[in-house]
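S.K.: After the structure tokens below, expect a handful of questions from me.
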Amino acid sequence: MGSSLKTINDKKFNDIFLEIQHSEELNISGNEELRLFRLKEIIDNDFSKEALSKFVSRNIGHYVFSRSKIKEYYEEEDEIAAGQEALDLMWSSGDADQKGTGNELGEVLIYAFLESVLDAPKIYSKVELKKTVRVESSMCDSMHLKVLPQNGPSLNYEMVFGSSSVVGDLGLAIDAAFEQVKQIKGHSTGEIRIVDQTVFDLPEDDPIVVQIQSIITPEPGVQVNRDSAYGIFLGYTLDLNPEDFSRDEYTNAVVKRIEQDIEKALVRVQERIADLKMGADSFYIYVLPFNDADNDRSSIMTE
């Protein structure tokens, strides 16, 4: 399934985000990813936000609208309107950088990382969940579908629920994201019901509808296993004084500090998973430092 249902324009993803390799693991029974990134471009010992801002802007239409709706814009040769109308919908949803509206940077980036890195296409983004889904409220930032390796006649899927937190302190970001996970877990039946009851409001030939249909009503003899999983985006402030390093030294210092940060954060993540008794669930976690997470989050989305 994967790339055939991907909505995001991520051709320049690797020009914007640089992955930092590490050996830390969650050590849980479920499937797991713990992946660290930094913004690739560093200018004057400062992460450049320009490329990230353009990436977000380029994908606003795909973030907000369904595949079939985007297809309509392209068929009418009016793809510019997709972005303009997506922004209108976001403005009507709430203020820029307002958590819970779909307008907060973490809500956009969890969609981007789950599609681009995990290869789990979206079912709904936060904006869609807030503005176009007409049933009970969702607790998550986005819903995605992850296909797992097929086991004989069985089809194995994970419904990946997105959670995000972008704040200055990484520990506080972890706590906030897992508080959201707790809420999603307590509402998991409702989250599944939202998908099953509303996805068919889309045109019947919408690719995600076709895929969901094969899960809800599988072909005779096909066993479908659908489990829940959690995708988490964590943004935080890298506590590093640029004036303490030369330009050549700074990049190495950034990598070293991120590695130190995640080593400490891993303990906190594991504690939160244990507290929630969710060691058998799947977690896909993506971490990205900013110069100043609170200000950068606000300035990018306000722009």
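S.K.: Residues ARG297, ARG257: which one is in a helix (DSSP H, G or I) and over 21 Å from ALA176 (Cα atoms)?
M.R.: From the options ARG297, ARG257, the qualifying one is ARG257.
S.K.: I've got another one for you. Six or more apart or on different chains, Cβ atoms under 9 Å: show the pairs whose first residue is in the range 243-261 and farther than 25 Å from GLU24 by Cβ and whose second is in a helix (DSSP H, G or I).
M.R.: ASP244/TYR250; ASP244/ALA253
S.K.: Give just the number: which of (1) open to solvent by 60 Å² or more (accessible area, probe 1.4 Å); (2) touching a residue at least 12 places away in the same chain (Cβ under 8 Å); (3) not polar (S, T, N, Q) does VAL224 not satisfy?
M.R.: Here VAL224 meets the rest and fails (1).
S.K.: Here's a follow-up. Across the range 171-204, what is the number of residues that are in contact with a Ser or Thr (Cβ under 7 Å, 6 or more places away or on another chain), open to solvent by 10 Å² or more (accessible area, probe 1.4 Å), touching a residue at least 12 places away in the same chain (Cβ under 8 Å) and not hydroxyl-bearing (Ser, Thr, Tyr)?
M.R.: Final tally of qualifying residues: 3.
S.K.: Within the range 7-56, restricting attention to residues that are of a type in the set (Asp, Glu) and touching a helix residue (DSSP H, G or I) at 6+ places or on another chain (Cβ under 9 Å), which residue is farthest from PRO149 (Cα to Cα)?
M.R.: Residue satisfying both the conditions and the ranking: ASP44.
S.K.: Right, next: Sort out for me the helices (runs of 4 or more DSSP H) sitting completely within the range 90-205 that have 2 or more residues that are in contact with a Gly (Cβ under 9 Å, 6 or more places away or on another chain) and of a type in the set (Gly, Ala, Ser).
M.R.: Hits in the range 90-205: 170-186.
S.K.: Moving on. Out of VAL181, VAL199, VAL222, I need the residue that is farther than 17 Å from ASP169 by Cα, at pLDDT below 95 and in contact with a Leu (Cβ under 9 Å, 6 or more places away or on another chain). Which one?
M.R.: So the residue among VAL181, VAL199, VAL222 that is farther than 17 Å from ASP169 by Cα, at pLDDT below 95 and in contact with a Leu (Cβ under 9 Å, 6 or more places away or on another chain) is VAL222.
S.K.: Here's a follow-up. Which of the residues spanning the range 260-277 are of a type in the set (A, V, I, L, M) and either touching a Gly at 6+ places or on another chain (Cβ under 8 Å) or in a helix (DSSP H, G or I) (or both)?
M.R.: Matches in the range 260-277: ILE262, ALA265, LEU266, VAL267, VAL269, ILE273, ALA274.
S.K.: Provide a single number: the residues in the range 256-295 that are open to solvent by less than 50 Å² (accessible area, probe 1.4 Å) and touching a Leu at 6+ places or on another chain (Cβ under 8 Å).
M.R.: Summing the residues that are open to solvent by less than 50 Å² (accessible area, probe 1.4 Å) and touching a Leu at 6+ places or on another chain (Cβ under 8 Å) in the range 256-295 gives 16.
S.K.: Just checking, which of GLU204, GLU249, GLU263, GLU191 is acidic (Asp, Glu) and at pLDDT below 80? Break it down into steps so the answer makes sense when it comes.
M.R.: Values: GLU249 fails: at pLDDT below 80; GLU263 fails: at pLDDT below 80; GLU191 fails: at pLDDT below 80.
Result of the check over GLU204, GLU249, GLU263, GLU191: GLU204.
S.K.: Another question, then. Does any residue of the range 112-127 turn out to be open to solvent by less than 70 Å² (accessible area, probe 1.4 Å), at pLDDT below 90 and of a type outside the set (Ser, Thr, Tyr)?
M.R.: Among the residues of the range 112-127, at least one is open to solvent by less than 70 Å² (accessible area, probe 1.4 Å), at pLDDT below 90 and of a type outside the set (Ser, Thr, Tyr), which makes the answer yes.
S.K.: Let me ask something else. Residue by residue through the range 262-297, note down the ones that are without any contact (Cβ under 8 Å) to a residue 24 or more places away in the chain and β-branched (Val, Ile, Thr).
M.R.: VAL267, the sole residue that qualifies.
S.K.: Next question. Considering every residue within the range 14-35, establish whether at least one is of a type in the set (S, T, N, Q), open to solvent by less than 30 Å² (accessible area, probe 1.4 Å) and over 21 Å from ASP119 (Cβ atoms). Outline the logic, then answer.
M.R.: From the range 14-35, those of a type in the set (S, T, N, Q) are 14, 21, 23, 27, 29, 31; that's our starting set.
Retained after the next criterion (residues that are open to solvent by less than 30 Å² (accessible area, probe 1.4 Å)): none.
No, the range 14-35 contains no residue that is of a type in the set (S, T, N, Q), open to solvent by less than 30 Å² (accessible area, probe 1.4 Å) and over 21 Å from ASP119 (Cβ atoms).
S.K.: Only one of (1) within 30 Å of PHE245 (Cα to Cα); (2) surrounded by 15 or more Cβ atoms within 10 Å (Cβ to Cβ) is not met by ILE43, so which one is it?
M.R.: (2) is the only condition that ILE43 fails.
S.K.: Still on this structure, I have one more. I'm trying to understand the selection: among the residues of the range 46-73, which are open to solvent by 30 Å² or more (accessible area, probe 1.4 Å), more than 18 Å from the chain's Cα centre (by Cα) and under 28 Å from ILE208 (Cα atoms)?
M.R.: Matches in the range 46-73: LYS69, LYS71, GLU72.
The values are calculated or read from the model by the stated rules, or taken from the named source; none is laboratory data. Model, not experiment: these values are computed from the prediction. A quick note on method: Cβ atoms are made from the backbone with ideal geometry, for glycine too, and the neighbour counts reach across all protein chains shown. Note: accessible area is taken over every heavy atom of the protein model, side chains too, but ligands, DNA and RNA are not part of it. Shrake-Rupley method; radii C 1.70, N 1.55, O 1.52, S 1.80 Å.
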